Amino acid sequence: MEFEQNSLPPPPGLIATLAAGFNSVANSIVLILPPVLLDLLLWFGPRLSVQPIFQPLLDAMPRLYANWIPAETLEAAHAFWMDLFSRFNLFAILRTFPVGIPSLLSLEMPLLSPVGQPLILQINSFLVLLAAMGGLTLVGWVLGSLYFYWVSSVVLEKRFSYPIWTFVLQALGVNCLGVILLLSLAFPVMTFLGLATMTNPALSQIALTFVGVVFLWLLVPVYFSPHGIFVFRMNARLAISNSLRLARFTFPATSFFLLLTLLISFGLRFLWQTPPADSWWTLVGIMAHAFISTSLLAASFIYYRDVNNWLELVFQRLKAKMNTVKG
């Protein structure tokens, strides 16, 4: 059935939505406090090291793979894993996905701070490692849910009559499904990247780009899964279903919005990480990153609300149009 294009309301503007998110956080600057505190913990707090558990495997790596991987590639891989586990801080998993508190230092995991090297706590047992990972992940999920709740309620000026723990429980459900999805994709992705690297190191960049494009394509339909919980008080199942519905009808606009937010976030991340970890200028980067990340989250809540309202209006007008034609 044909209908006049100008009979439909215009969709929400992406630039206006981003500007609204930044303005909302600028007017409630205290919202950046959780990301700042998390990064300060990772910067000045104790480091939880897992190197003693994996050091025997790292020491045996050159001998185990000597006949399978070229010496130059094996040496580079061994140096990479040694550096990773020497700086790895288990507290970094407090930055959870998809619901979590943004962090600048969760990936960098600095070894130094302006006041010197932090206290290092060693984990020597695999069972202790599993318990610590589970406990820290749960804490990160809960804190991330409270952060999402706080930002959404301030930015959208909504006051819910439901107890806050109901939002936390539903967000935990979304996070659990997210972990299952990531684990199901992790093995084939790592295998693909590993084979590409061993075949030809130059192919690793092409393979990584390909994986990134596929990941973005898969991310769009589920990106707004947590938002339904905090914007419209949906349960986890309905929030995921609504995210798929939103992507189905607004895929180009939603893809562009997501790509724009990722470009802003990761593009500026390189700027914030320019100062060395033992410089006080890193504090400026932490605060700037907290502001940008919180503003982008606020914009995503605004976009989700406005696009859903726009879709409902479009469906109502199309339904009225169909009823008029039938009548």
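Computed extension length for residue 265-residue 280: 3.2 nm, one decimal, from 0.36 nm per residue of separation with the Cα-Cα distance subtracted. You can think of it this way: the chain between residue 84 and residue 59 has 7.6 nm of extra reach, that is 0.36 nm per residue less the Cα-Cα gap. The modelled label-to-label distance for the pair residue 124/residue 288, using points 7 Å beyond Cα in the direction of Cβ, is 4.3 nm. Rg ratio for the chain: its Cα radius of gyration over 2.2 N^0.38 Å, N being its residue count, equals 1.15. Distance from the C-alpha centroid of region 241-285 to that of region 86-134: 22 Å, rounded to the whole angstrom.
Diffusion coefficient (Stokes-Einstein, Kirkwood radius over C-alpha pairs, 25 °C, 0.890 mPa s) for region 34-167: 143 µm²/s, rounded to a whole number. Net charge in the neighbourhood of residue 82 (other residues with Cβ under 13 Å of its Cβ; Lys, Arg +1, Asp, Glu -1) is -2.
Computing Rg and the Kirkwood Rh from the Cα coordinates of region 41-97 gives a ratio, Rg/Rh, of 1.10.
The angle separating the long axis of helix 14-27 from the principal Cα axis of greatest extent in the chain is about 70 degrees.
Since every read-out is calculated from the coordinates, none of them should be taken as a lab result. Since this is a predicted model, take the numbers as computed values, not measurements. Neighbour counts run over all protein chains shown; Cβ positions are idealised from the backbone, glycine included.
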